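Colleague: The structure is given below, and queries will be raised subsequently.
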Amino acid sequence: MPSTRSKSQSSILFPKTKTAKTGVKAELRTRAKSEAATVPPLPVCKELPLSPRKRLGDDNLCNIPQPLRCSPPKQSRNENGPISPAKGRRLIFDENQAAVTPLSPSKKTQESDITFSSPQRRGQETPSSNSHRGPQDRKSVCTRLFKQEGTCYQKAKCALNTAVPERLLAREKETETILSFLKTHVSSEKPGSLYISGAPGTGKTACLSKLLQENKEILKGTRTVYINCMSLRSSLAVFPAIAEEISGSSKLASSGKDMVRSLEKMVTSKGPVILLVLDEMDQLDSKGQDVLYTVFEWPWLPNSRVVLIGIANALDLTDRILPRLQARPNCKPQLLNFSPYTKDQIATILQDRLTQVSGDQVLDNAAIQFCARKVSAVSGDARKALDICRRAVEIVESDVRSQTVLKPLSECPSPNKEAASTPVPKKVSLPHISRVLSDVYGDKMLSGAGGEDSFPLQQKLVVCSLLLLTQQSKMKEVTLGKLHETYSKVCRKQQMPAVGQSECLSLCQLLETRGIVGLKKSKEARLTKVSLKIAERDIEHAFKDKVLVGNILHAGI
């Protein structure tokens, strides 16, 4: 037992540790004054007396590997708990803290260089300070770059809106006709009527609205009444709506005849000229067409002060639905047709909109030509072309935003250069337009017939499907839902892509402007009634394609 105790006592190094710590203080003072003395290697635990605030606040000391090799009990006591001054470590801490605390940050760095002259410790100081500033610089670059790159796409989307533009292209002749009508009848207070027809998206309403806004001198002293017939519950509801706009009161007689008589007294009494604009006029279709007859006869009543402008899709509405107007030449309105936009006109409209945006063009010319060709082959609707391009810009904008966040530029642009025109990060190309056509409108627009044929392929398929359906059901009118179902079967047999129901309605509206198909709209698109207006032999002659019509009729449904 005595020998064992002597061995354990010999392994205890408490006196040596105290002596070493006392020598550390003397050596630190000597190195601070001489700056050139060589320090012998100290024990591992010599750095533990530093306070938690100094070791955690100094980036260099936090990265020193020596304190990490200390024993866990001593390290936890120094970091997490107070130290008793009886063991002598408080004195070493007080002395170092008194030497470090009053110094400024720059002097503190110099002091650390003098006190700890190890090359490894001096080399760790500069990377630590640079790494502390780096994340803030990169964050400012990302924020400034994200705002700059999104500007060109936002401006392009604003330019591609479907609102009334500043100038209408490819509609010069139609604009002159409407303006001449307004000068002849409104300015000279001469009653008359004008019927404007055309497929959706051909600029009928936009052209008239722009003329009414720009020519207020012609309309000075005129009472303008604009009614969209799509918002009416029934065709008879147009009379209370007109009375409310003219007199400010919709209280008319309840019966139909008395209501019409009250309105006739209003429009024939003395007062300013009434410019009555009825948009979507074909919605006033009723049994016997009494509503349309009454409205078209108002300008020709004795002492009438009504100038009527009707807008609808059907080209032959006045000839087909209102035959009584033909018997009275004075009541026959002036006709004006808006033909569908061609591919060149749609491309011109898109390029004109994009030129309003400063800087490089967001859309490629190839993408613009591709969009114009596909839209003109199906409907010729300029609004649809604008919508397709705007959706394609949104797709590219989303891709660029994600790339900008992941891969920021190394240099942040200065505020002075931010307003200058910068190159577009990624342009809208042909694949983006093709993706929108496929995802939103289906594959039918990708295979629309182009070329010089006056009737695109999709219109031929719709007419042949309608002919098959009427022959089988022996009904003159069929719903759009049944027509689309038959049309889809015909396309599958002919191994051709089919269009959706909404596009099928657009095709029917385009055929209506040609006088081949008749439409009776409903609040639900699938319940719209479609009828054929020409015979089978006339279809073959109009299409100039007896092979296609013969194959479809022979195959059946």
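Colleague: Tell me the accessible surface of residue 226 in square angstrom (1.4 angstrom probe, heavy atoms of protein chains only), to the nearest ten.
Modeller: For residue 226, the solvent-accessible surface is approximately 110 Å².
Colleague: Further, regarding this structure: Once amide H atoms are placed 1.01 Å from N in the peptide plane, what residues at a sequence separation of 5 or more from residue 517, or on another chain, have their amide H within under 5 Å of its amide H?
Modeller: 512, 533
Colleague: Binned at 5 Å from 0, what are the whole-percent values of the Cα-Cα distance distribution for segment 459-557, short to long?
Modeller: 2, 14, 28, 27, 21, 7, 1, 0
Colleague: Next question. Beyond a 25 Å Cα-Cα separation, which of these cross-linked pairs lie in this structure: 204/287; 384/521; 220/270? Each step should come with its number before you reach the end.
Modeller: Values: 204/287 27 Å; 384/521 20 Å; 220/270 17 Å.
Over 25 Å apart, Cα to Cα: 204/287.
Colleague: Treat each spin label as a single point 7 Å out from the Cα along the C-beta direction, and report the residue 161 to residue 401 distance in nm.
Modeller: So the two model labels end up 1.9 nm from each other.
Colleague: Sticking with this one: Order 378, 547, most accessible first, counting only protein heavy atoms with a 1.4 angstrom probe. Write down the numbers at each step before the final one.
Modeller: Working: 378 0, 547 100 Å².
From most accessible down to least: 547, 378.
Colleague: Test of understanding: what is the full-extension gain from residue 365 to residue 533, defined as 0.36 nm times their sequence separation minus their Cα-Cα distance?
Modeller: On the way: separation 168, 0.36 × 168 = 60.48 nm, distance 4.03 nm.
This chain segment gains 56.5 nm when fully extended.
Colleague: At 0.36 nm per residue, minus the direct Cα-Cα distance, what do residue 548 and residue 173 gain on full extension? Give it in nm, one decimal, please.
Modeller: Details: separation 375, 0.36 × 375 = 135.00 nm, distance 3.64 nm.
Fully extending the segment from residue 548 to residue 173 adds 131.4 nm.
The values are calculated or read from the model by the stated rules, or taken from the named source; none is laboratory data. Predicted, not measured: the structure shown is a model, and the values here were computed from it. Note that each Cβ is placed from the backbone with ideal geometry, even for glycine, and that neighbours are counted across all protein chains shown. Side chains are part of the model used for accessible areas, which takes the heavy atoms of the whole protein and leaves out ligands, DNA and RNA. Shrake-Rupley method; radii C 1.70, N 1.55, O 1.52, S 1.80 Å.
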